[in-house]
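**Student:** The structure's right below; bear with me while I get my questions together.
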Amino acid sequence: MNVSTRQLRAFLALAEQRNFTRAAALCHLSQPAFSALIRQLEESLGLRLFDRSTRSVALTAEGAEFALSAQRVVEEFERAVAGMHDHAARRRGRVSVALLPSLAAGWLPQVLAGFQARHPGIELRVADVLSEPCIERVRHGEADFALAATRAETPELQAEPFCSDDFYLVCPAEHPLATLREVRPRDVAAWPFIHLSRTSSVRQYLDAATQPQAMQSVMEVDQLATVMGMVRAGIGISVVPWLTLFHFQAPGVITRRLAWPGLQRHIYLVRPRDRSLSVAAQAFYEWVMARRPEGTQQAGGRRRTPAPRAVSAPRRAARS
């Protein structure tokens, strides 16, 4: 059976007008062409839908029953087409993104607010998780793309550079390291150190850059807000990326950039290799790529002078 929406619209017009001439005009067709559509529809269904006479046109019992279904089909089709037009015009859609908590808490809020103001009909879902869960969400189709500190280049995933993140010493303002002209790994290793968990990208980059030098670890925590509290209380010092510095803007705490070889965190945008982004996800992808964090090394660009804090955003506890 091959029934077209054109035939259904012609059928509904005739069911409403009960006149071939008026119904044909309503469909912008000649009467012979209109009559052919009705005849083809009846032949496809194997039923007579109209009783015709020289004076009138009336629905058969089967035609009256079919009219209810035909109306629903046409209305659903028109809603579907209108919905696709909305998607194409970026008026509707859904985007899911996974990213590091340090990006989600400091950089993302203003970026997200600007996008929602431009595309209020697009629903955005955010997962602020560590790098491996970020990658897994993309791999399993739970996120359209991710911002992670892992270059996931696989047959199913592709990664492109997003930004690079310098590291900073954080310590009390009166700490002896605050006055040194140059802070080296062995200088930091001489003092009690607050570590982030081993599963965090921050810890992995720091361990790789300081080997074989071991830090004098006094505590390992999960949250950057906890690191801040411990440093401020004088329990220890720490080293964190630039993108997390909004946690450490407080009286009595200073930050100093560390120019240690290999100590730079690279953030990648990870997306599926074998499937295209939806129109909504493509729009958000273009939006975030044009608004990468200021003060970091951007892919293909030159380093901007680091600002004393990250993009203004609500402060909250986060892993990195």
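The values are calculated or read from the model by the stated rules, or taken from the named source; none is laboratory data. Keep in mind that this is a model prediction, so the values were computed, not measured. All Cβ positions, glycine included, derive from the backbone under ideal geometry; neighbour counts span all protein chains shown. Ligands, DNA and RNA are excluded from the accessible area calculation, which covers all protein heavy atoms including side chains. Shrake-Rupley method; radii C 1.70, N 1.55, O 1.52, S 1.80 Å.
**Student:** Quick one: what are the phi-derived ³J(HN,Hα) couplings along segment 168-182, Karplus 6.51/-1.76/1.60 with θ = phi - 60°, whole Hz, x for glycine and proline?
**Tutor:** Working through the residues one at a time gives 10, 6, 10, 7, x, 4, 8, 5, x, 5, 5, 9, 5, 5, 9 Hz.
**Student:** While we're on this one: With Kirkwood radius over Cα pairs in Å in mind, check (1) 24.0; (2) 22.5; (3) 20.2 and report the label derived from this structure.
**Tutor:** (1)
**Student:** Per the 1.4 Å probe, what fraction of the accessible area of segment 68-205, in percent, lies on carbon and sulfur atoms?
**Tutor:** Result for segment 68-205: 52 percent of the exposed heavy-atom area is carbon or sulfur.
**Student:** Still on this structure, I have one more. Just to confirm a number: summing +1 for Lys and Arg and -1 for Asp and Glu over residues other than Thr21 whose beta-carbon lies under 15 angstrom from that of Thr21, what do you get? Don't skip to the end; give the middle numbers.
**Tutor:** Numbers: positive: Arg18, Arg22, Arg52, Arg55; negative: Glu16.
Charge balance near Thr21 sits at +3.
**Student:** Another question, if that's okay. With each run of n ≥ 4 DSSP H residues scored as -39500 (n - 2.57), what mean residue ellipticity at 222 nm is computed for the chain after dividing by its residue count and rounding to the nearest 500 deg cm²/dmol?
**Tutor:** Details: 11 runs with 124 residues, N = 320.
That calculation yields -12000 deg cm²/dmol at 222 nm.
**Student:** Provide the net charge surrounding Leu177, with neighbours chosen by a C-beta distance below 14 Å and charges set as Lys +1, Arg +1, Asp -1, Glu -1.
**Tutor:** In short, +2.
**Student:** Can you give the local net charge around Phe193? Use residues other than it whose beta-carbon is closer than 13 angstrom to its beta-carbon, Lys and Arg +1, Asp and Glu -1.
**Tutor:** Net of charged neighbours comes to -1.
**Student:** How large is the accessible surface of Val218 in square angstrom, using a 1.4 angstrom probe and rounding to the nearest 10?
**Tutor:** Val218 exposes around 70 Å² with every protein chain in place.
**Student:** Could you report the chain's accessible area per residue, 1.4 Å probe, as an integer in Å²? Spell out each step's value before the answer.
**Tutor:** Working: 16230 Å² over 320 residues.
That works out to 51 Å² for each residue.
**Student:** Also, I was wondering about something else. In the full protein assembly as shown, how much of Val3 is accessible to a 1.4 Å probe, in Å² to the nearest 10?
**Tutor:** Rounded to the nearest 10, that gives 50 Å².
**Student:** If one takes the longest principal axis of the Cα atoms in the chain, at what angle in degrees, from 0 to 90 and to the nearest 10, does the Cα axis of helix 108-118 lie?
**Tutor:** 20 degrees
**Student:** For a label point 7 Å from the Cα of Ala173 along Cα→C-beta, name the residues of segment 211-241 whose backbone N is under 19 Å from it.
**Tutor:** Output list for this probe position: 228-238.
**Student:** Under a plain spin-label model, where a point goes 7 Å from the Cα along Cα-to-Cβ, how far apart in nm are Arg184 and Glu286?
**Tutor:** For the pair Arg184/Glu286, the computed spacing is 5.1 nm.
**Student:** Sort segment 1-160 into rounded, prolate or oblate with this rule: let a ≥ b ≥ c be the square roots of the eigenvalues of the Cα gyration tensor; rounded if a/c is under 1.5, and if a/c is not under 1.5, prolate when a/b is larger than b/c, oblate otherwise.
**Tutor:** prolate
**Student:** Starting from 0.36 nm per residue, how many nanometres of slack lie between Val74 and Glu123 once their C-alpha separation is accounted for?
**Tutor:** Net length gain for the segment: 14.9 nm.
**Student:** What's the angle, to the nearest 10 degrees (0 to 90), between helix 279-289's Cα axis and the longest principal axis of the chain?
**Tutor:** The angle comes out near 20 degrees.
**Student:** Rounded to the nearest 5, what % of DSSP beta bridges with both residues in segment 40-173 are antiparallel? Before the final figure, lay out each step's value.
**Tutor:** On the way: 3 of 13 bridges.
Around 25 percent of the beta bridges assigned by DSSP in segment 40-173 are antiparallel ones.
**Student:** Right, another one. If R0 is 22 Å, what FRET efficiency do you get for Arg151 and Ser278 from their C-beta distance, rounded to 0.05?
**Tutor:** Details: r = 24 Å, r/R0 = 1.10.
Efficiency computed from Cβ-Cβ geometry: 0.35.
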